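Taking it in order: structure first as structure tokens, then the write-up.
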Amino acid sequence: MESPTKNRQTVETIEALVDAAYGARQVPKADGSIVELKRGRFNAVYRVRLRDGRDVALKIAPSPEVNVLTYEQRLMANELAAIELIARRSAAPVPHVEHIFDGAGPVGAPCFFMAFVDGENLGELLEHGEKADAPRLDHLMTELGRVNRVLNGIRGSSFGYVGDPVFSDWPQAFRRMVEDVLADGHRAQVRLEDIEERAAAALDLHSDALRAVTSPVLVSWDLWPGNAIVTKSMLVGVVDHERSLWGDPLMEAGFMNPNIPIFPREQAFARGYGVVQGDESGRARKALYALHRLLIMAVEPSYRGHQDPRQEVWSLERIRGLLTSLGV
């Protein structure tokens, strides 16, 4: 996907990074040794085949000059903190980070090398489901649910993004997330009209539901099938942890339906994850989290150079319907 946030680099610059990280003897020379992986939406990512034949992944943050959403300003630092945490406190399959460069390196932006996870992208398999084995896909989605539950089993001591958890309670942390996206929308002149006032009213009306979340757990937030790497029958890697936060597990992508009905094979996912809270408080929180996600979907295109207005229009329509269902 094309986006101004993708900080693409020349072959020569990537070779210089390999030299700095692994030494001159590992700098690739063969054609096709450096390949951009284009599925991602935010960072530039490359598969690099080192001279010894081993594949690694290089992930590069946007240039500091690129305008991004407020919560995206330190995404790479947040991802590195999340990967370290997951690797240290769970058995979830995250790639090992091998070398980190800060913004002072040859790219002029943070970047890092990590082990390359070989396999198929689960999201791509689901997109071509008519050609695949349905029981296999259900099994793999069940595995995704199981891994998501493992991640949510990691507990923290405060709320907020993993790299900077500064809030003592969940209502404060979540309100700030919503307010940041609304402010981003104002800066981009997105037509929010009455939405800001109604969103604030929804947060006030359902504050008791948010206060019911008292124990911060690790929330991936972005664990779509497209961020899962699989083999024939196993999930062997989960990637893109940059949006991880300490919060409520009901904020996970797998629990968006029916508020935003775009998560595939949710029943198979739910089998792997297990029982989740289904009371009135949980339903209200899921609606609030869908509101937050829809606000991002409405505002984000203005920061990505997208000219097609359909995502913004679709998101704003669903936001207004969701606010009505929330009683505001």
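The values are calculated or read from the model by the stated rules, or taken from the named source; none is laboratory data. Being a predicted model, the structure only gives us computed values, none of them experimental. Quick reminder, even Gly has a Cβ in these numbers, built from the backbone with ideal geometry, and neighbours come from all protein chains shown.
Looking across segment 21-36, the residues that are modelled with pLDDT under 95 and either closer than 17 Å to residue 117 by Cβ or small (Gly, Ala, Ser) (or both) come down to 30, 32.
Hey, does segment 83-95 have a residue that's hydroxyl-bearing (Ser, Thr, Tyr), within 21 Å of the chain's Cα centre (by Cα) and either outside any helix (DSSP H, G or I) or not assigned by TED's automatic domain parsing to the domain that holds residue 230 (or both)? It would help to see each step written out before you state the result.
Of segment 83-95, the ones hydroxyl-bearing (Ser, Thr, Tyr) are 90.
Those left that are additionally within 21 Å of the chain's Cα centre (by Cα): 90.
So of that shortlist, the ones also either outside any helix (DSSP H, G or I) or not assigned by TED's automatic domain parsing to the domain that holds residue 230 (or both) come out as 90.
So far as segment 83-95 goes, yes, one or more of its residues are hydroxyl-bearing (Ser, Thr, Tyr), within 21 Å of the chain's Cα centre (by Cα) and either outside any helix (DSSP H, G or I) or not assigned by TED's automatic domain parsing to the domain that holds residue 230 (or both).
For segment 254-277, check the following and say yes or no: at least one residue is among the aliphatic types (A, V, I, L, M), assigned to a helix (DSSP H, G or I) and touching a Leu at 6+ places or on another chain (Cβ under 7 Å). Working first, answer last.
First, the residues of segment 254-277 that are among the aliphatic types (A, V, I, L, M): 256, 260, 262, 268, 270, 275-276.
Adding the requirement that they be assigned to a helix (DSSP H, G or I) leaves 268, 270.
From the residues that got through so far, the ones that are touching a Leu at 6+ places or on another chain (Cβ under 7 Å) too are none.
The answer is no, given that none of the residues of segment 254-277 is among the aliphatic types (A, V, I, L, M), assigned to a helix (DSSP H, G or I) and touching a Leu at 6+ places or on another chain (Cβ under 7 Å).
On the given criteria, is residue 123 in contact (Cβ under 8 Å) with a residue 60 or more places away in the chain and not aromatic (Phe, Trp, Tyr)? Criteria met by residue 123.
Run down 201, 209, 183 and say which single residue is surrounded by fewer than 18 Cβ atoms within 10 Å (Cβ to Cβ), outside any strand (DSSP E or B) and touching a Ser or Thr at 6+ places or on another chain (Cβ under 8 Å). Spell out how you get there, then give the answer.
On the way: 201 fails: touching a Ser or Thr at 6+ places or on another chain (Cβ under 8 Å); 209 fails: surrounded by fewer than 18 Cβ atoms within 10 Å (Cβ to Cβ).
Sole residue among the options that is surrounded by fewer than 18 Cβ atoms within 10 Å (Cβ to Cβ), outside any strand (DSSP E or B) and touching a Ser or Thr at 6+ places or on another chain (Cβ under 8 Å): 183.
From the list 276, 236, the one residue that fits, being out of contact with any helix residue (DSSP H, G or I) (no Cβ under 8 Å at 6 or more places or on another chain) and surrounded by fewer than 18 Cβ atoms within 10 Å (Cβ to Cβ), is 236. A single entry from 209, 201 fulfils the requirement of being in contact with a Lys or Arg (Cβ under 7 Å, 6 or more places away or on another chain) and closer than 18 Å to residue 324 by Cα: 209.
Each row is one residue, and each column tells you yes or no for (1) among the aliphatic types (A, V, I, L, M); (2) within 25 Å of residue 83 (Cα to Cα).
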{"residue": "243", "(1), (2)": "no, yes"}
{"residue": "253", "(1), (2)": "yes, yes"}
{"residue": "284", "(1), (2)": "yes, no"}
{"residue": "288", "(1), (2)": "yes, no"}
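Residues are listed down the side, and each one gets a yes or a no for (1) part of a helix (DSSP H, G or I); (2) polar (S, T, N, Q); (3) modelled with pLDDT under 95:
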position: 242; (1), (2), (3): no, no, no
position: 287; (1), (2), (3): yes, no, no
position: 307; (1), (2), (3): no, yes, yes
position: 313; (1), (2), (3): yes, no, yes
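Residues that are more than 24 Å from residue 96 (Cα to Cα), assigned by TED's automatic domain parsing to the domain that holds residue 273, of a type in the set (A, V, I, L, M, F, W, C) and in a loop (DSSP other than H, G, I, E, B) do not occur anywhere in segment 121-130.
Being farther than 13 Å from residue 8 by Cα and at pLDDT 95 or above is the filter here; which residues of segment 54-64 pass it? Don't jump to the end; show me each part of the working.
Applying the first criterion (farther than 13 Å from residue 8 by Cα) to segment 54-64 yields 54-57, 64.
Selection gives 54, 55, 56, 57.
The set of residues in segment 212-236 that are at negative phi, in contact with a strand residue (DSSP E or B) (Cβ under 9 Å, 6 or more places away or on another chain) and either in a strand (DSSP E or B) or among the hydrophobic types (A, V, I, L, M, F, W, C) (or both) comprises 213, 217, 218, 219, 223, 228, 229, 230, 235, 236. Among the residues of segment 1-15, those identified as buried (at least 17 other Cβ atoms within 10 Å of the Cβ) and free of Cβ contacts under 8 Å to residues at least 60 places away in the same chain are 6, 14, 15.
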